[in-house]
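Heads up: the structure comes next, in structure tokens.
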Amino acid sequence: MAAVMEGPLADLSSWQTTDCSIAKAIELVGTRSTVLILREAYYGTTRFDGFAQRVGITDAAAATQLRKLTEAGLLTKQPYQEQGKRTRHEYILTPKGRDLLPVVLALMQWGDTYLQPGPPPLLLVEEATGSPVRVQVRSDSGHELTLEELGIRVNDDYLHARRTRKAKR
């Protein structure tokens, strides 16, 4: 089964995936090293050498990915200086970067379920209680949704904004 495509979206051959948010997100964070750098930032890594070492990438690759994530506003650079050494920068998650946490945790959860040969190496728990944590798709009312219960419809606000942008050209 599939999601319920509503209104004009029901005929998949009649519309294009123009401005797809999934495509834009994958363009930004869709590489292995980018996702693993984010993982490390969630784990508390902040320094360049730590990212390169823990992700297992070259310094050049780490520099490229950290620059990309900084320019996109997911990380911010903050100066630090160890005694007797030159000023360097550490990388700190921004609110935009922190908002990607459910995506990374969902990948981890999926990998735990389908790719691990036995128990997962790490558990996600609420720190204060030890209660298990899971990423789920829920409505605002709290109902957990299956794929078949998910409706997808055209966003009228998007259409209005697009028409307004075109009119200003």
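Of all residues in the stretch 144-169, those satisfying the criterion of being out of contact with any helix residue (DSSP H, G or I) (no Cβ under 8 Å at 6 or more places or on another chain) and closer than 30 Å to G111 by Cα are E144, L145, T146, L147, E148, E149, L150, G151. Taking the listed residues L69, L75, L100, the one that is hydrophobic (A, V, I, L, M, F, W, C) and out of contact with any Phe, Trp or Tyr (no Cβ under 8 Å at 6 or more places or on another chain) is L100, with no other qualifying.
Within the stretch 112-168, being closer than 30 Å to A3 by Cα, among the hydroxyl-bearing types (S, T, Y) and either in contact with a His (Cβ under 7 Å, 6 or more places away or on another chain) or part of a loop (DSSP other than H, G, I, E, B) (or both) holds for S139, S141, T146.
Determine whether L12 is without any contact (Cβ under 8 Å) to a residue 12 or more places away in the chain and in contact with a strand residue (DSSP E or B) (Cβ under 9 Å, 6 or more places away or on another chain). For L12, the condition - without any contact (Cβ under 8 Å) to a residue 12 or more places away in the chain and in contact with a strand residue (DSSP E or B) (Cβ under 9 Å, 6 or more places away or on another chain) - is met.
Number of residues in the stretch 132-154 that are of a type outside the set (D, E, K, R), without any contact (Cβ under 8 Å) to a residue 60 or more places away in the chain and more than 19 Å from Y42 (Cβ to Cβ) equals 7. When each of E149, E144 is tested for being modelled with pLDDT of 95 or more, surrounded by 10 or more Cβ atoms within 10 Å (Cβ to Cβ) and in contact with a Lys or Arg (Cβ under 6 Å, 6 or more places away or on another chain), the lone residue that passes is E144. In the stretch 23-38, what residues are closer than 24 Å to P79 by Cβ and touching a residue at least 60 places away in the same chain (Cβ under 8 Å)? The one that is closer than 24 Å to P79 by Cβ and touching a residue at least 60 places away in the same chain (Cβ under 8 Å): L38. Those helices (runs of 4 or more DSSP H) of the stretch 1-111 in which at least 3 residues are open to solvent by less than 30 Å² (accessible area, probe 1.4 Å) and hydrophobic (A, V, I, L, M, F, W, C), considering only elements entirely within it, cover 32-43, 48-55, 59-71.
The values are calculated or read from the model by the stated rules, or taken from the named source; none is laboratory data. In this text the structure is predicted, and so the values were computed from the model without any measurement. Positions of Cβ are generated from backbone atoms using ideal geometry, with glycine treated the same way; all protein chains shown enter the neighbour counts. All accessible areas refer to the heavy atoms of the entire protein, side chains included, with ligands and DNA or RNA removed. Shrake-Rupley method; radii C 1.70, N 1.55, O 1.52, S 1.80 Å.
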